[in-house]
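Chemist: What follows is a structure written as structure tokens; I'll ask about it next.
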Amino acid sequence: MSDSDRKPKRGRPQTLDEDATLKVAVDAYWGADPADVSINALCKLAEVSKPSLYRVFKSEDGLTCAALGSYAETVLSDIFVILGQRRPLSETIPALTEFASHDPKMERGCLFYKMRAGKHRLGPQTQKRVEDLNGAAVDAFKAYLEDRQTVGDWNGTLSAKTAAHYLVEQIGLALTQRASGADEDMIADTLKLALTALQRP
């Protein structure tokens, strides 16, 4: 069959730059309450049409889910890198504290924690992504603590899972304080105090 015999595809050709649109969406969601950012506002910011956006992301829920996934890969992954280095608690605690209290990227807080706090206002696809990321964070902290317990660096007075949940919540609190404009040094001191509780006999 020649090219002239082929039927043309219906609809307008897809011209939306998915990566660029995701960057705009991440920035918009990160700087506000994600549930308050409308599709119309995002289309205007990204300079794309609503039909082309829906053609790629299928729905508003699909867009918020994709934006959270992009954020997790480019920003939240820093925490997983710190834990994956398997350094002693005496080195890992300062690294986590520095990330949460002074990293310039986190000046507006954390998009993941924002979405977690308001997930009841988000779609089911995004809610599932939030729950999966939260579970992955707890698992990463749990694996780190179990490794530290094996080498005698962590006393294990709590179960690793309980301690992992504790760490996830304390870092989330620090990042929420960043978003509210609290003093970074105060956040660092408070978080360090909370995290070093795991080092006590």
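The values are calculated or read from the model by the stated rules, or taken from the named source; none is laboratory data. Not measured: the values here are computed from a predicted model. As a convention, Cβ positions derive from the backbone with ideal geometry for all residues, glycine included, and neighbour counts pool all protein chains shown. Ligands, DNA and RNA are excluded from the accessible area calculation, which covers all protein heavy atoms including side chains. Shrake-Rupley method; radii C 1.70, N 1.55, O 1.52, S 1.80 Å.
Chemist: Somewhere in the stretch 77-88, is a residue buried (at least 17 other Cβ atoms within 10 Å of the Cβ) and within 18 Å of residue 177 (Cα to Cα)?
Modeler: Looking through the stretch 77-88, at least one residue is buried (at least 17 other Cβ atoms within 10 Å of the Cβ) and within 18 Å of residue 177 (Cα to Cα).
Chemist: Here is a follow-up. Among the residues of the stretch 39-52, is there at least one that is over 30 Å from residue 150 (Cβ atoms) and touching a residue at least 60 places away in the same chain (Cβ under 8 Å)?
Modeler: The answer is no, given that none of the residues of the stretch 39-52 is over 30 Å from residue 150 (Cβ atoms) and touching a residue at least 60 places away in the same chain (Cβ under 8 Å).
Chemist: Could you check the stretch 92-138 and list, in sequence order, the residues that are outside any helix (DSSP H, G or I) and under 15 Å from residue 67 (Cα atoms)?
Modeler: 110, 122, 123
Chemist: So which residues in the stretch 166-180 are among the charged types (D, E, K, R) and crowded, with 17+ Cβ neighbours inside 10 Å?
Modeler: Across the stretch 166-180, the qualifying residue is only 178.
Chemist: Which is closer than 25 Å to residue 131 by Cβ and out of contact with any Pro (no Cβ under 9 Å at 6 or more places or on another chain), of 98, 73, 107, 47?
Modeler: None of the others qualify; the one that does is 73.
Chemist: Is it the case that residue 97 is of a type in the set (Val, Ile, Thr), within 22 Å of residue 77 (Cβ to Cβ) and out of contact with any strand residue (DSSP E or B) (no Cβ under 9 Å at 6 or more places or on another chain)?
Modeler: yes
Chemist: Could you tell me whether residue 60 is open to solvent by 40 Å² or more (accessible area, probe 1.4 Å), touching a helix residue (DSSP H, G or I) at 6+ places or on another chain (Cβ under 7 Å) and acidic (Asp, Glu)?
Modeler: Here the answer is yes, as residue 60 does meet what is asked.
Chemist: Go through the stretch 181-196 residue by residue and tally those that are open to solvent by less than 70 Å² (accessible area, probe 1.4 Å) and without any contact (Cβ under 8 Å) to a residue 24 or more places away in the chain.
Modeler: 3
Chemist: From the residues in the stretch 144-192 that are among the aromatic types (Phe, Trp, Tyr) and modelled with pLDDT of 95 or more, which one is nearest to the chain's Cα centre (by Cα)?
Modeler: Within the stretch 144-192, the match that is nearest to the chain's Cα centre (by Cα) is 166.
Chemist: Can you pull out the residues in the stretch 110-157 that are open to solvent by 30 Å² or more (accessible area, probe 1.4 Å), more than 15 Å from residue 88 (Cβ to Cβ) and touching a Pro at 6+ places or on another chain (Cβ under 9 Å)?
Modeler: 114, 121, 157
Chemist: Is it true that residue 4 is at pLDDT below 95 and either part of a helix (DSSP H, G or I) or crowded, with 17+ Cβ neighbours inside 10 Å (or both)?
Modeler: yes
Chemist: Also, quick follow-up: Which number in (1) closer than 23 Å to residue 86 by Cα; (2) at pLDDT 95 or above marks the one condition that residue 195 misses?
Modeler: If we test residue 195 against (1) closer than 23 Å to residue 86 by Cα; (2) at pLDDT 95 or above, just (2) comes out false.
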